[in-house]
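I have placed the structure first, in the form of structure tokens, so that the comments after it can refer back to it.
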Amino acid sequence: MSKKIAVLITDEFEDSEFTSPAEAYTKAGHEVVTIEMQAGKTVTGKQGKAEVKIDKDIDHVSVDEFDALLLPGGHSPDSLRGDDRFVDFTKDFIASGKPIFAICHGPQLLISAGGVRGRKMTSVKAIAVDLRNAGADFYDKEVVVDKETLVTSRTPDDLPAFNRESLRILSAV
């Protein structure tokens with residue numbers, strides 16, 4: 001059954017950490033919906049290889065509309081967590097118990113939303129200490145799945161495992 005996946009994204013996202021999962025999800029029949037401050041805007045990846053047209057603005061979406069959340073890395077999560085609307089959306093997603101997929105710096109939004117304490121997670125090395133300080137159980141592995149609702153990975157090198165586990169969880173939702 002097709003699932004609808006929200007993606008919180010803005011400029012300077014890590015190109016492949018959006019494009020690879022989005023392509024895998026779409027190929028599997030799921031719908032990917034990009035969310036930023038302004039619908040219709042085009043955001044650019046930090047490598048300059050990907051441009052993404054924003055589908056919806058944060059003020060006109062609800063967690064109830066979606067089955068899962070994707071948080072790609074790069075500088076995007078750090079930018080978005082400075083805006084309470086994105087933190088609140090992430091908090092609501094955590095509270096819903098729906099699946100969340102975060103790679104590289106993506107967990108920064110989860111940290112700001114207070115959603116990592118006691119969770120098994122991984123991330124890019126640069127924010128590992130932030131995850132530990134926020135109470136996460138950190139593992140330096142290509143992919144970590146916690147409670148069948150949270151999938152985290154470290155870098156673009158881990159995308160095959162990240163996509164595989166994300167798709168496995170989507171098929172069970």
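What the table below lists for this structure:
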{"item": "Filter result for Val129 (part of a strand (DSSP E or B) and over 20 Å from Thr19 (Cβ atoms))", "result": "no"}
{"item": "Which listed residue, of Gly40, Gly48, is over 22 Å from Lys3 (Cβ atoms), in a loop (DSSP other than H, G, I, E, B), modelled with pLDDT of 95 or more and over 13 Å from the mean Cα position of the chain (by Cα)", "result": "Gly40"}
{"item": "Check on Leu150, in contact with a Phe, Trp or Tyr (Cβ under 7 Å, 6 or more places away or on another chain) and either buried (at least 24 other Cβ atoms within 10 Å of the Cβ) or more than 20 Å from Thr10 (Cβ to Cβ) (or both)", "result": "no"}
{"item": "Residue pairs meeting the criteria (Cβ under 7 Å; at least 6 apart or on separate chains; first on the phi > 0 side of the Ramachandran plot and without any contact (Cβ under 8 Å) to a residue 40 or more places away in the chain, in region 123-138; second in a loop (DSSP other than H, G, I, E, B) and surrounded by fewer than 13 Cβ atoms within 10 Å (Cβ to Cβ))", "result": "Gly135/Arg117; Gly135/Gly118"}
{"item": "All positions within region 51-81 that are surrounded by 16 or more Cβ atoms within 10 Å (Cβ to Cβ), among the charged types (D, E, K, R) and outside any helix (DSSP H, G or I)", "result": "Asp55, Lys56, Asp67, Arg81"}
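The values are calculated or read from the model by the stated rules, or taken from the named source; none is laboratory data. This is a predicted model, so every value here is computed, not measured. Glycine also receives a Cβ, built like all others from the backbone with ideal geometry; neighbour counts cover every protein chain displayed.
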